[in-house]
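Okay, structure first, notes after.
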Amino acid sequence: MFDVIIRDASLRFKNHCVFENLNLILKGGKWTCLLGGSGVGKTCLLRLIAGLPAGETTGEILCQDGFPVSHRIAWMAQQDLLLPWFSVLENITLGQRLRRSFTDIVKRHPLIPPEVEDQAMSILEKVGLTEKARVLPQHLSGGQRQRAALARTLMENRPLVLMDEPFGALDAITRLNLQDLACELLENRTVLLITHDPLEALRLGHDVYHLRGYPARLTDAITPPGKTPRSLEDNGIMMLQGKLLDRLRHESFDEKPVKGEQ
Ligand SMILES: Nc1ncnc2c1ncn2[C@@H]1O[C@H](COP(=O)(O)OP(=O)(O)O)[C@@H](O)[C@H]1O
Ligand SMILES: [Mg+2]
């Protein structure tokens, strides 16, 4: 598994500098979690890594093995982005269906080839959605929809997974369950998880960073001990959560840019 190196990344919208000279290493096969207040630049950084930047950017995204990062990324967002007119099975195989070859289309091969369907069903079993394969997304709960989104991410089977607050809209219990499931199923992938929730970052992250300030900078990494997903009964994690919450709370009062200073 390869490290992903973000070197001297800068992003600017006209006279607003979101971040500059930002350096970060996503360790191969590990989870890096990124905390930060609203508007600090978390999604922008994720988009920059994915090769979808808005604004003026500089810097490099390098893979340790020398191959380009494009085509090696799966993306999971807070909105599940399930298409309402497709069943769960059709949604999670969308990537494969869109990439069908011209010959398959001309020869009218089935939209979902049997081997793809088998793979999809085995992933749906892992996320506990076997019974929902033929159902439209509107019949799923919020947690089930996000499990379907996780299944779609797994179908893509990419080594680097970028997650933008994927569990942010879920209730506390569903969120904990999804965290455990994602941790199990994305083991050994290189994951960058953006979250507002210090506890989520501390349960799942091998390295936890905090992006703060205007322009934004990364704090030093926190490397919580122990195997992930870490237990809620771990006193050390709970203390760290308190400290991070305090920091995030003060940041929202202290570090907003003064108008005209951006
Ligand atoms: N397309 C855009 N045009 C202008 N400003 C943008 C654009 N996208 C994001 N921004 C600004 O960049 C900053 C960081 O945004 P974002 O990365 O979405 O924040 P967050 O940390 O909440 O994910 C915000 O101030 C936002 O207003
Ligand atoms: Mg965001």
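Here is how the numbers come out for the structure above:
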{"read-out": "³J(HN,Hα) computed for each position of region 182-193 - Karplus, 6.51 cos²θ - 1.76 cosθ + 1.60, integer Hz, glycine/proline x", "value": "4, 4, 5, 7, 9, 4, 6, 8, 8, 10, 10, 10"}
{"read-out": "Region 130-262, accessible surface, carbon-and-sulfur percent (1.4 angstrom probe)", "value": "50"}
{"read-out": "Value at 222 nm in deg cm²/dmol, rounded to 500, when DSSP H runs of n ≥ 4 in the chain each add -39,500 (n - 2.57)", "value": "-10500 deg cm²/dmol"}
{"read-out": "Given charges at beta-carbon only (K, R positive; D, E negative), |dipole| of the chain in Debye", "value": "520"}
{"read-out": "Angle between the chain longest axis and helix 235-254 axis [Cα atoms, degrees, rounded to 10]", "value": "70"}
{"read-out": "Whole-number percent relative contact order across the chain, with pairs defined as alpha carbons under 8 Å at least 6 apart", "value": "27"}
{"read-out": "Mean Cα-pair separation over length for region 62-180, i.e. relative contact order, pairs under 8 Å, 6 or more apart, %", "value": "43"}
{"read-out": "Gap separating the Cα centres of region 80-102 and region 1-77, nearest whole Å", "value": "27"}
{"read-out": "Greater than 28 Å apart at Cα, pairs in K30/K126; K42/K132; K126/K243", "value": "K42/K132; K126/K243"}
{"read-out": "Accessible area of the chain divided out per residue, in Å², using a probe of 1.4 angstrom", "value": "51"}
{"read-out": "Under Karplus coefficients 6.51, -1.76 and 1.60, residue-wise ³J(HN,Hα) of region 129-144 in Hz, glycine/proline x", "value": "10, 3, 5, 9, 4, 9, 9, 7, x, 4, 8, 9, 6, x, x, 5"}
{"read-out": "For region 86-157, size of Cβ-based charge dipole, Lys and Arg +1, Asp and Glu -1, in debye", "value": "220"}
{"read-out": "Volume of the Cα convex hull of region 33-89, divided per residue and given in Å³", "value": "157"}
{"read-out": "Relative contact order %, region 1-110, counting alpha carbon pairs below 8 Å whose residues are six or more apart", "value": "27"}
{"read-out": "Equivalent-ellipsoid semi-axes of the chain, from the Cα gyration tensor, Å, largest first", "value": "33, 23, 17"}
{"read-out": "Sequence ranges 139-150, 197-208, ranked by mean other-Cβ count within 10 angstrom, highest first", "value": "197-208, 139-150"}
{"read-out": "Peptides ranked, highest mean first, by Cβ atoms within 10 Å: ranges 22-33, 224-235, 54-65", "value": "22-33, 54-65, 224-235"}
{"read-out": "For region 168-175, Karplus couplings with θ = phi - 60° (6.51, -1.76, 1.60), whole Hz, Gly/Pro x", "value": "x, 9, 9, 5, 4, 6, 4, 4"}
{"read-out": "Choice from M239, M121, M155 with maximal GNM fluctuation in the chain (Cα, 10 Å cutoff)", "value": "M239"}
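The values are calculated or read from the model by the stated rules, or taken from the named source; none is laboratory data. Only a predicted model underlies this, so the values are computations on that prediction, with no experimental measurement involved. No Cβ is skipped: glycine too gets one built from the backbone with ideal geometry, and neighbour counts run over all protein chains shown. The area values use the complete protein model at the heavy-atom level, side chains included, leaving out ligands, DNA and RNA. Shrake-Rupley method; radii C 1.70, N 1.55, O 1.52, S 1.80 Å.
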